[in-house]
1. Is one or more of the residues making up the stretch A:103-115 under 24 Å from the mean Cα position of the chain (by Cα), farther than 21 Å from residue A:309 by Cβ, part of a helix (DSSP H, G or I) and of a type outside the set (Val, Ile, Thr)?
2. Residues that are within 13 Å of chain B (Cβ to nearest Cβ): find the strands (runs of 3 or more DSSP E) completely inside the stretch A:435-554 holding 2 or more of those.
3. Among the residues of the stretch B:12-29 satisfying the criterion of being more than 9 Å from chain A (Cβ to nearest Cβ), outside any strand (DSSP E or B) and touching a Leu at 6+ places or on another chain (Cβ under 9 Å), which is farthest from residue A:402 (Cα to Cα)?
4. Test residue A:341 against the criterion of being assigned by TED's automatic domain parsing to the domain that holds residue A:383, in a helix (DSSP H, G or I) and over 17 Å from residue A:16 (Cα atoms), and give yes or no.
5. What number goes with the only condition from (1) over 21 Å from residue A:565 (Cα atoms); (2) of a type in the set (Asp, Glu); (3) surrounded by fewer than 19 Cβ atoms within 10 Å (Cβ to Cβ) that residue A:341 does not pass?
6. Any residue at all in the stretch A:488-501 that's under 23 Å from residue B:48 (Cα atoms) and touching a residue at least 12 places away in the same chain (Cβ under 8 Å)?
7. If you scan the stretch A:389-410, which residues turn out to be under 22 Å from residue B:3 (Cα atoms) and away from chain B (no Cβ under 14 Å)?
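The values are calculated or read from the model by the stated rules, or taken from the named source; none is laboratory data. In this text, all values refer to a predicted model and were calculated from it rather than measured experimentally. Cβ: placed from backbone, ideal geometry, glycine included. Neighbour counts: every protein chain shown.
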Amino acid sequence: MDMSKYKAMFLTEAREHLQKMAALLVEVERDPQNRGGIDALFREAHSIKGMAASMGYQQTADLAHHLEDSLDLFRQQGEITPEAIDRLLAGADLIESLLADIDAGREERNVASFCSGEFSVKEISELPPTEAGSVPEELTLQISLQLHDKVASPAARLLVIAKQLTKFGNVLSCEPSEEQILRGGNVRQLVVIIQTRLSETEIKSSFADYSEVSRLDIETPQPKSEVTSIAGGATVRVGTDLLDRFISLTGELITNRYMLQSAAGDKDWDSLKDGLGRLGRLVKDLHHQVLQVRMMPIDTVTGRLPRLVRDLARRSAKDVRLELEGTGIELDRAILEELADPLIHMVRNAIDHGIDKQGTITVRAWRQRDQVMLQVADNGRGMDPALLRRSAVEKGLIGPGQAEVMRDYDALQLVCLPGFSTASQLTATSGRGVGMDVVKAAVEKLGGVLNIDAAPGRGTRFTLKLPLSVAIIKVLLLNVANKQVALPITRVLQTIEVERNQIQASGKQRVFSFNEELLPLVSLRKILALAMPKAVERVAVVITEVLGRKIGLVVDDFAGQSEVFVQALPSPIDRLRGLSGGTILGDGRIVFILDIQGLLERKR
Amino acid sequence: MALLLPFMLGDERYGLKLTDIQEVIEEAVPHYLPAAPAEIIAAVNVHGRILPVLDLPLFLGFPPANLSDRMIVLAQRDFPMVLAVDQLEPLLSVDLEQTILTQSDAPQDCISGVLNWQGQMISLLDLEQLHKAVQENCFVPGGGHGSARTDRR
């Protein structure tokens, strides 16, 4: 069975369950008798076990099973011990490492020693006698069987077999499930993953009496060490309501197509115009819906904070509460990915340098028109602009004159200078300033703004003003006269190299043959009024379309493709014809995105 | 009293109030800005924002300048512009009320007044006028790049 295409989905889901587990554990730690919390923890562990087992990730399944067992015990006791929380968190960390193994296509690390470890002397005495030590001896087997074609009421037979299998051991997964079998229909196949002490031969022999079974395969599902990685990597889960909207939109587009076809056939220009108008609206709607698919709630990045805060607070012997607000607000996934690290930096800073002994960190998100505000606030000791100024001067980051005239707002921004830190002593996890330049760079790369608001003794607030979705487009970078510009990849039909002798003159216009079509050659240097180059043997040409007509755009050479965040240009350069935006590349360089049509129209 | 940042355009001394300035970029790295009028010579990355650079000597009709790589980022929200000038000078603390000699009535000069500071003449740059002049002369719809330069060559 080829599981590789499900691997990405499994990893995404398992990580989500893990994150929920970590958050729940932190919650339960504060309130050890939280029944609902313990129940929820049990369900998370159970889900991971089932998923891992059905994928054949034995160690992950074993470990999740082990955690599930101990949680079941606490569920019965109605209380969870602080030591157990630590051990459960350690278990969650170990699952995380296992997922990393799976992700990298490595063999899963062995978890038997962790699983045979004791929860604590008190609990172990209460553990059912069969549990400890026996787990490693069990084998996980995948049993696939097929019924003969002629068997009457196959569903009923399968159900009997499925029931029988549960007597052999612990059924981790059953495909189709019992409910699915009960719904009836022509089901003739059953795949069961089972944890059992029986050997393959024992199982096979016990099936000898089942004449309706035509084929029986038993194998040990081994973690596959395939190196295949799914192109593109990330998977997205889409709500069914959104899918329904796609389907209904597709339906409308099909209707629209027929309408346009018949209007064109009848030469009915009014209907054609109506139809085109409708097509425009449908395409716009489709674009909007597709962007929706990219939206994810902020808790996909704040989900790991409770655990982080707990661990950091404990390490620094501080009592820190974390409050999360508005984490259901959605942002483009590309923005969220960029935010994960900055968020951790800010929370770490708050614990290390903001909060003295006891305090609260609030991570809050809210919408403000078409922007999302994300704030990390602490009620700690705050920052003193005067101190920041002095410190920056001492470090030689700014001159004394500069410091004197610097407004408080700007002084607070000094913490974002690389190499700036107000902490007299840096901790292992962070130094205020060490990460803030990274935070600022990340926010600005997204076209956002970082505001810092602090006063001595009144806490610190970092507020990120973020665009709801960024225009991320793929561009082709072009070199022309030692300068770089970009073209949206959607505007590029093809890139080719044309030999000098393939270029002909047609009046004043130079043309060349492309797919048996004569295309005019237009020099980008000429359009941009740059110095013309010396004659070369072959020229790099981008085939693009201007006013529905193909042209060959001559450039010096291609500098590769890149995915970029497009920034809207500020006034007045937003009025320049021929530019559709600008972007800042990873190395800080600014590259403008050309609108060839606009450039050519400008020339006329 | 107000703080004034003096700078040179050709051999004339100009000044901007510090409150009009967001910051001075010490070593500005100019990037190519295509399709721009001649006076808008580049774009710079100011904390992740893309801002255009105005060649102020060129725009105001001074002879070709040896531009400094220290550039002035204006604080105006509606005029996000970086000014390239010949040379920046140390900040001055001046009493604007006392030192203004003339109120200019020629708006195309982009000067709001001239002040005398210890015998030196400093022309105060009028950003409102400059903004208007840039809009009118560099960004006319249709793209004509005329200039309102009063020729000082």
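1. Yes: one or more hits.
2. A:449-454, A:460-467, A:471-480, A:483-488
3. B:20
4. Considered against the rule, which asks whether it is assigned by TED's automatic domain parsing to the domain that holds residue A:383, in a helix (DSSP H, G or I) and over 17 Å from residue A:16 (Cα atoms), residue A:341 comes out as yes.
5. (1)
6. Yes.
7. The answer is A:389, A:390, A:393, A:408.
Residues checked against (1) part of a helix (DSSP H, G or I); (2) more than 21 Å from residue A:308 (Cα to Cα); (3) in contact with a helix residue (DSSP H, G or I) (Cβ under 8 Å, 6 or more places away or on another chain):
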residue: A:20; (1), (2), (3): yes, no, yes
residue: A:33; (1), (2), (3): no, yes, no
residue: A:36; (1), (2), (3): yes, yes, no
residue: A:60; (1), (2), (3): yes, yes, yes
residue: A:64; (1), (2), (3): yes, yes, yes
